[in-house]
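Trainee: Below is one structure. I have some questions about it.
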């Protein structure tokens with residue numbers, strides 16, 4: 001199972017603007033709770049206690065929210081929201097219980113090579129040849145070369161390809177009509193909702209267990225998603241709270257019999273398939289999202305307090321080591337649009353520059369957190385020099401965090417450096433550090449991969 005956010009390292013990291021998960025723990029899916037049509041988290045102990053030092057006053061409400069009816073819980077949430085607007089601290093336990101009662105979600109998709117192929121085309125100008133996924137012929141483009149190399153491979157070929165690491169991000173899209181999205185175009189199922197309406201992708205982790213099962217052969221696969229509410233955390237004082245929500249997603253390509261037996265689509269049988277994937281998935285992902293109040297919902301500075309010096313420039317974080325490999329490019333609005341289209345991501349911070357500047361307070365469009373993840377995985381994959389290990393199986397685990405925004409129209413650089421060599425019982429593995437710098441050389445994202453040596 002992916003790491004808990006309660007580790008000492010994670011508690012330290014979450015104190016910054018954007019947090020990331022701690023290191024991978026050993027997988028123990030056999031002990032994971034089975035899914036049910038109701039809440040997947042109802043049977044999990046909720047022993048979280050809010051630290052009073054983070055707030056202006058301690059929370060004295062000792063209500064056991066797990067025993068409340070849905071009606072009473074909703075009324076409690078409305079009361080907490082109203083009280084928070086009046087300057088009182090928000091009792092996160094109401095929010096935790098409300099989110100714990102949300103049912104798990106299963107998203108089915110067909111692993112056609114089309115989306116992976118289109119992602120390769122979108123990244124063709126950004127990635128050097130050795131970092132590409134390889135679904136497009138490696139012949140260099142020249143004036144004499146035909147553009148037919150970018151055409152989707154013939155459907156008549158019997159050759160199949162494994163899903164490249166990171167390319168799952170353009171499959172299993174959010175399946176909701178526009179009317180059921182948040183005003184900024186995001187998924188309401190993952191959001192704490194009012195008053196915490198601003199969302200950022202803070203980091204995450206991946207565990208590639210059986211990537212060879214995820215074949216781009218048109219077969220049906222499923223992603224089962226639940227919210228890890230026991231590890232939900234609130235940080236920051238009143239008016240500047242940050243809610244960290246972990247979304248756990250498990251993927252499996254073991255439902256081919258859906259098309260052969262229509263009766264399998266009965267809800268109870270679908271639930272059995274989804275439980276099977278949850279207990280024995282092909283790979284697992286944890287996404288850490290951070291939610292904040294709207295900009296106009298943040299309290300004004302105390303007029304009686306000493307004036308603070310204006311912030312003139314962003315903090316610069318330099319790497320202490322030189323990379324052994326790197327590549328640079330400038331993300332364009334066109335690339336951000338194409339990635340949004342492929343991942344079915346309608347978040348306005350990637351599409352609407354006026355929204356970025358006037359609502360979120362950013363200077364330009366933001367590069368997607370998932371796109372940054374694809375770039376880091378691509379850089380690590382380029383270090384695979386073995387002819388015996390397929391590129392999709394090179395990376396075993398990966399954890400990462402986003403530290404600061406990256407913007408469109410500003411050059412970024414993706415850097416990789418081998419860290420240490422670890423000797424497992426039977427198979428050696430290597431640890432790789434990867435980071436992404438902005439145009440000032442400051443680290444905006446970093447991650448660590450365990451890969452085959």
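Trainee: Would you mind listing the strands (runs of 3 or more DSSP E) fully within the stretch 346-449 where at least 3 residues are over 19 Å from residue 324 (Cα atoms)? Spell out how you get there, then give the answer.
Mentor: Values: elements: 395-402, 412-423, 428-437.
Fully inside the stretch 346-449 and qualifying: 395-402.
Trainee: Then there's this: Report every pair of residues separated by at least 6 positions or lying on different chains whose Cβ atoms are under 7 Å apart, first residue within the stretch 109-132 and in contact (Cβ under 8 Å) with a residue 24 or more places away in the chain and on the phi < 0 side of the Ramachandran plot, second surrounded by fewer than 19 Cβ atoms within 10 Å (Cβ to Cβ) and in a helix (DSSP H, G or I).
Mentor: 121/150; 122/338
Trainee: Buried (at least 19 other Cβ atoms within 10 Å of the Cβ), at pLDDT 90 or above and more than 23 Å from residue 284 (Cα to Cα): which single residue out of 111, 123 fits that description?
Mentor: Numbers: 111 fails: more than 23 Å from residue 284 (Cα to Cα).
Every option except 123 fails the conditions.
Trainee: Still on this structure, I have one more. Just wondering, is there one or more residues in the stretch 436-444 that are under 23 Å from residue 212 (Cβ atoms) and either surrounded by 23 or more Cβ atoms within 10 Å (Cβ to Cβ) or in contact with a strand residue (DSSP E or B) (Cβ under 6 Å, 6 or more places away or on another chain) (or both)?
Mentor: Scanning the stretch 436-444 turns up no residue that is under 23 Å from residue 212 (Cβ atoms) and either surrounded by 23 or more Cβ atoms within 10 Å (Cβ to Cβ) or in contact with a strand residue (DSSP E or B) (Cβ under 6 Å, 6 or more places away or on another chain) (or both).
Trainee: Give the number of residues within the stretch 190-209 that are at pLDDT 95 or above and over 14 Å from the mean Cα position of the chain (by Cα).
Mentor: So the answer is 2.
Trainee: Moving to a separate point now. Cβ-Cβ distance below 8 Å, separation of 6 or more or different chains: which pairs start in the stretch 358-385 with a residue that is at positive phi and end on one that is at pLDDT below 95 and surrounded by fewer than 17 Cβ atoms within 10 Å (Cβ to Cβ)?
Mentor: 361/295
Trainee: Of the conditions (1) in contact with a strand residue (DSSP E or B) (Cβ under 6 Å, 6 or more places away or on another chain); (2) surrounded by 14 or more Cβ atoms within 10 Å (Cβ to Cβ); (3) at pLDDT 90 or above, residue 253 clears all except one; give me its number.
Mentor: (3)
Trainee: Restricting attention to the stretch 219-228, does a residue exist that is within 21 Å of residue 447 (Cβ to Cβ) and in a loop (DSSP other than H, G, I, E, B)?
Mentor: Yes: one or more hits.
One line per residue, one yes/no per condition, for (1) surrounded by fewer than 17 Cβ atoms within 10 Å (Cβ to Cβ); (2) farther than 30 Å from residue 85 by Cα; (3) modelled with pLDDT of 80 or more:
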residue: 245; (1), (2), (3): no, no, yes
residue: 261; (1), (2), (3): yes, yes, no
residue: 264; (1), (2), (3): yes, yes, no
residue: 273; (1), (2), (3): no, yes, yes
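Trainee: Please specify each residue of the stretch 183-200 satisfying the condition of being farther than 18 Å from residue 362 by Cβ and touching a strand residue (DSSP E or B) at 6+ places or on another chain (Cβ under 8 Å).
Mentor: Just the residues of the stretch 183-200 that are farther than 18 Å from residue 362 by Cβ, to begin with: 187-196.
The answer is 189, 190, 191, 192, 195, 196.
Trainee: Can you find a residue in the stretch 46-61 that is modelled with pLDDT of 90 or more and part of a loop (DSSP other than H, G, I, E, B)? Even if it seems obvious, please write down each step before you answer.
Mentor: Restricting attention to the stretch 46-61, the residues satisfying the condition of being modelled with pLDDT of 90 or more are none.
Within the stretch 46-61, none of the residues are modelled with pLDDT of 90 or more and part of a loop (DSSP other than H, G, I, E, B).
Results for (1) in contact (Cβ under 8 Å) with a residue 12 or more places away in the chain; (2) part of a loop (DSSP other than H, G, I, E, B); (3) on the phi > 0 side of the Ramachandran plot, shown as yes or no for each residue.
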| site | (1), (2), (3) |
| --- | --- |
| 165 | yes, yes, no |
| 169 | yes, no, no |
| 173 | yes, yes, no |
| 182 | yes, yes, no |
| 198 | yes, no, no |
| 203 | yes, no, yes |
| 206 | yes, no, no |
| 212 | yes, no, no |
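Trainee: Find the residue count for the stretch 383-396, including only residues that are under 22 Å from the mean Cα position of the chain (by Cα) and surrounded by fewer than 22 Cβ atoms within 10 Å (Cβ to Cβ).
Mentor: Residues meeting the conditions: 3.
Trainee: Oh, and also: May I ask you to list the residues in the stretch 327-345 that are out of contact with any strand residue (DSSP E or B) (no Cβ under 7 Å at 6 or more places or on another chain) and assigned to a loop (DSSP other than H, G, I, E, B)?
Mentor: Result: 330, 332, 344, 345.
Trainee: Filter the stretch 339-351 down to residues that are more than 16 Å from the chain's Cα centre (by Cα) and surrounded by 17 or more Cβ atoms within 10 Å (Cβ to Cβ), then give me how many there are. Reasoning before the result, please.
Mentor: Taking the stretch 339-351 and keeping what is more than 16 Å from the chain's Cα centre (by Cα), we get 341, 348, 351.
Within this subset, residues satisfying the condition of being surrounded by 17 or more Cβ atoms within 10 Å (Cβ to Cβ) are 348, 351.
Residues meeting the conditions: 2.
The values are calculated or read from the model by the stated rules, or taken from the named source; none is laboratory data. Fair warning: this is a prediction, and the values are worked out from it, not measured in the lab. With ideal geometry, Cβ positions are generated from the backbone for all residues, glycine too; neighbour counts draw on all protein chains shown.
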